[in-house]
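In what follows, a structure is listed as structure tokens, so that the remarks can point back to it.
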Protein chains: 2
Amino acid sequence: MKPLILISNDDGYKAKGINSLIEMVRPLGRIVVCAPDGPRSGSACAFSATTPLTLTLRRKEEDLEVWSCNGTPVDCVKMALANICERKPDLVIGGINHGDNASVNTHYSGTMGVTMEGCMKYIPSIAYSLCDYSADADFSPMAPYVRQMTERVLREGLPQGVCLNINFPDPSNLPCLGEASVTPPKQGETEGVFKGVKVCRMAHGTWFNETKKCSHPRGYDYWWMVGSYNNDEPDAEDTDNWALQHGFIAITPTRVDVTAYEAMEQFKRWETTLNSNL
Amino acid sequence: MKPLILISNDDGYKAKGINSLIEMVRPLGRIVVCAPDGPRSGSACAFSATTPLTLTLRRKEEDLEVWSCNGTPVDCVKMALANICERKPDLVIGGINHGDNASVNTHYSGTMGVTMEGCMKYIPSIAYSLCDYSADADFSPMAPYVRQMTERVLREGLPQGVCLNINFPDPSNLPCLGEASVTPPKQGETEGVFKGVKVCRMAHGTWFNETKKCSHPRGYDYWWMVGSYNNDEPDAEDTDNWALQHGFIAITPTRVDVTAYEAMEQFKRWETTLNSNL
């Protein structure tokens, strides 16, 4: 039986990124796509608690079905698992995202929402992103890596509760630090397509100047969410930001369990002091 | 100078939970509230990438301002930090949520979105939730705990990158396993209000039967997101689900850094094998 691969994203089913991904992984199994009917960037793990959801079949070929859904990326995964897939998929893939999902963007990303949702359902799950926000980004240099990584996860699985957040640099536009990055690449850093693969941790970084005030013709203020990103530990060579800035593909193993185990001991005191005072 | 406390939630600024919280913590400092203008359950860390945001002042008293925003819980925090707070707050609080945010609900919760956003901005941050989804839930038994916990975090701070996800059981309706829970409480478990405080890890649990198909009068199908929750490790006494089911207040220290450090070694092999094959 061919592996069943469920694909979704947050840029919508028409995006070049998801359609590039479909072509890259089609040889590996039967593909079910259920993706938002339009852009849903910044959807994180949100689901639609109060909106009715609909499904529309957009394309049906041998071993490929493409559906759109009016909900969030996580809605798409839940809807596909419950109502489209004939069995539990062997793999869930989010992407390919137009733009990076490194550092704290992990938490905002709808692509990572797809991947976390798959992981929460105990399905091996991967997110692929490219540090290029343009609608016509060139995803083709990723193809041999995506195919090999996807095959490997299909073959070997992933540890339970762990998914992969894989970000590809845009070697023609280093460093890869969020949409607002303007620093030009250093001499020599754009040579070759990808420098290689690095297994990373999430960098600590901060978004700032996140709101832009505008004035409505009727006289009231409104704001757009924008922002610039700062890598708060630019010299940390073990981070995803560093890898991307230096032309490497960043693989960040990512957990569903967000417990801060290392901090538990310090709060254990609360058990006795709070209990006895109240 | 009085501590500055920023409060938001995902049930909206009119909800009983947030208004109960305001009264509980008012004695502790100057309070700025910026909360959604209506319910936003299931918003996770989503922000509004494509919708213009507006702010409306709803209430202004000595050391208290209440604003509403048309965005997500995370939008509310970002908007308040950039456009309402006169300085960086000393504390961000999400809640009090109507319903629990334990186990995997951590990832879907807009209340936790508020708290993660505060934590990503290096501000000590807490989420408070009560295992009672009703609009007129009684939050008053939480008051002495909330006050003491909030004071303690104001005084001692929190480790960088760690926030607190604090869930209170509803002792009159144990066990506290998601909205769909129907199992009656065991004899004796409803005695007393809270059994005490337990520092916990996130339980592994799974939502199932998450979509409910309905038929539109015009003949097409649509779905509502619903679901039942299963605790996949019901005997694990160190989990938030176990604590809540047994009448304890569950404190789960929660991390912004979701790197699966324990899994990194296993993927290090990818660095060499992928690099050399391509």
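The values are calculated or read from the model by the stated rules, or taken from the named source; none is laboratory data. Everything quoted here is computed from the prediction, not taken from an experiment. Because the Cβ atoms are built from the backbone with ideal geometry, glycine has one as well, and the counts that use them run over all protein chains shown. Accessible surface areas use protein heavy atoms only, side chains included; no ligands, DNA or RNA. Shrake-Rupley method; radii C 1.70, N 1.55, O 1.52, S 1.80 Å.
Annotations
- Solvent-accessible area buried by pairing A with B, both sides, nearest 100 square angstrom, 1.4 angstrom probe: 7700
- Fraction of beta bridges assigned by DSSP in the protein assembly as shown that are antiparallel (%, nearest 5): 45
- Using a Gaussian network model of chain A in which every pair of alpha carbons under 10 angstrom is joined by a spring, one finds that among A:72, A:252, A:211 the greatest mean-square fluctuation is at A:211.
- Gaussian network model of chain A, springs between alpha carbon atoms under 10 Å - residue of A:172, A:41, A:68 with greatest fluctuation: A:172
- For residue A:26, the label point sits 7 Å beyond Cα toward Cβ; its separations from the matching points on the remaining copies run 6.4 nm, from shortest to longest.
- A Förster radius of 60 Å combined with the Cβ-Cβ distance from residue B:63 to residue A:14 puts the calculated FRET efficiency at roughly 0.75.
- Residue ranking by accessible heavy-atom surface, 1.4 Å probe, largest first, among B:26, A:269 comes out as A:269, B:26.
- Gyration tensor (alpha-carbon) shape descriptor, chain B, a/c threshold 1.5: rounded
- Surface composition of chain A: carbon plus sulfur atoms hold 50% of the accessible area, using a 1.4 angstrom probe and ignoring ligands, DNA and RNA.
- Once all protein chains are placed together, residue A:229 keeps about 30 Å² accessible to a 1.4 angstrom probe.
- When the helices of chain B are scored as -39500 (n - 2.57) per DSSP H run of n ≥ 4 and the total is divided over every residue, the value at 222 nm lands at -8000 deg cm²/dmol.
- With all protein chains modelled, accessible area of residue A:11 [1.4 Å, Å²]: 30
- Longest to shortest principal axis, alpha-carbon extents of the protein assembly as shown, angstrom: 63, 52, 51
- Across every pair of non-identical alpha carbons in segment A:1-136, the mean reciprocal distance, once inverted, gives a Kirkwood radius of 14.2 Å.
- Taking the centroid of alpha carbons for each part, segment B:84-113 and segment A:58-117 are 26 Å apart.
- Inter-chain Cβ neighbour count for A:107-116, averaged per residue, equals 4 (cutoff 10 Å, partner chain atoms only).
- For segment B:202-268 and segment B:25-43, distance of Cα centres in Å: 25
- Inter-site label distance for residue B:221 and residue A:156 at 7 Å from Cα along Cβ, in nm: 3.8
- Within segment B:32-59, backbone nitrogen closer than 19 Å to the virtual label 7 Å beyond the Cα of residue A:133 toward Cβ: B:46-53
- If you run the Gaussian network model on chain A, springs between alpha carbon atoms under 10 Å, then out of A:69, A:214, A:34 the most flexible one is A:214.
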